Amino acid sequence: MLLLDRHGPKEDVWERAETLCQAETNFVLTPFGAIAESPLVQTDLRLAALLEPNRALDEVTPFFDRLDMIVVHFPSAADGRGFSTARQLRQAGFKGILRAFGPLISDQFPQALACGFDEVEIIGAAAARQPVEHWMEALKRISFLYQRDYGAQDSIPEQRLARAAHV
């Protein structure tokens, strides 16, 4: 497993558990269904929910105030639904940590950050095949985007409009 944000590798403090009752630490990552079906838990418990790509956004939004992190599962590198999910979660007002999880490839790292993800967790062969250097190099390859980056600079069309307004 490899966990990265835009600054490089980082340590994962979240404990994975199938139910909240199984948690042995205060940082618990569990499937969304386990959180949705459980009563409000102790206040010192930090919660992260694992979302599958077919989960409806309106099911998740009522839990934003209970979640410190949402982990969006990518079943494969070719399944781009997670990028749309991240954008929708941010547009719906989720302010916590967003993590992409699955067999992503380094070329997808800039797009993941642009869509609103804070970090990516790469698993299996993808993590072994692409070292940290590949992921950090991918961030340097793209300096401008056609779509608006979540929380960052203007897109290429917006920059062109701004320049045209000053001419």
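FYI, it's all coordinate maths here, none of it is from the lab. Note that the structure is a prediction, hence the values are computed from the model and not measured. A quick note on method: Cβ atoms are made from the backbone with ideal geometry, for glycine too, and the neighbour counts reach across all protein chains shown.
Note the full-extension length gain between PHE64 and ASP79 as 0.36 nm times their separation in residues minus their Cα-Cα distance, in nm to one decimal.
Details: separation 15, 0.36 × 15 = 5.40 nm, distance 2.47 nm.
Length gained, PHE64 through ASP79: 2.9 nm.
Taking the simple approach of a point 7 Å from Cα along Cα-to-Cβ for both HIS134 and LYS10, what is their distance in nm?
2.2 nm
Round to the nearest 0.05 the FRET efficiency obtained for ILE97 and ALA36 when R0 = 22 Å and r is the Cβ-Cβ distance. The partial results should precede the final answer.
Values: r = 19 Å, r/R0 = 0.86.
The value I calculate is 0.70.
What is the spin-label model distance, in nm, from THR25 to ASN54 if the labels are put 7 Å beyond Cα along the C-beta direction?
If labels sit at THR25 and ASN54, their model points lie 3.1 nm apart.
How would you rank 8-19, 66-77, 126-137, 24-35, highest first, on the average number of other Cβ atoms within 10 Å across their residues?
Ranking, from highest mean packing down: 66-77, 24-35, 126-137, 8-19.
Take the alpha-carbon centre of region 73-123, take the same for region 1-67, and report the distance between them in whole Å.
Comparing the Cα centres of region 73-123 and region 1-67, I get a distance of 15 Å.
Viscosity 1.567 mPa s, temperature 4 °C: what is the translational diffusion coefficient of the chain from Stokes-Einstein with a Kirkwood Rh over Cα pairs, rounded to a whole number of µm²/s? Let's see the in-between values first.
Values: Rh = 17.0 Å.
For the chosen part, D equals 76 µm²/s.
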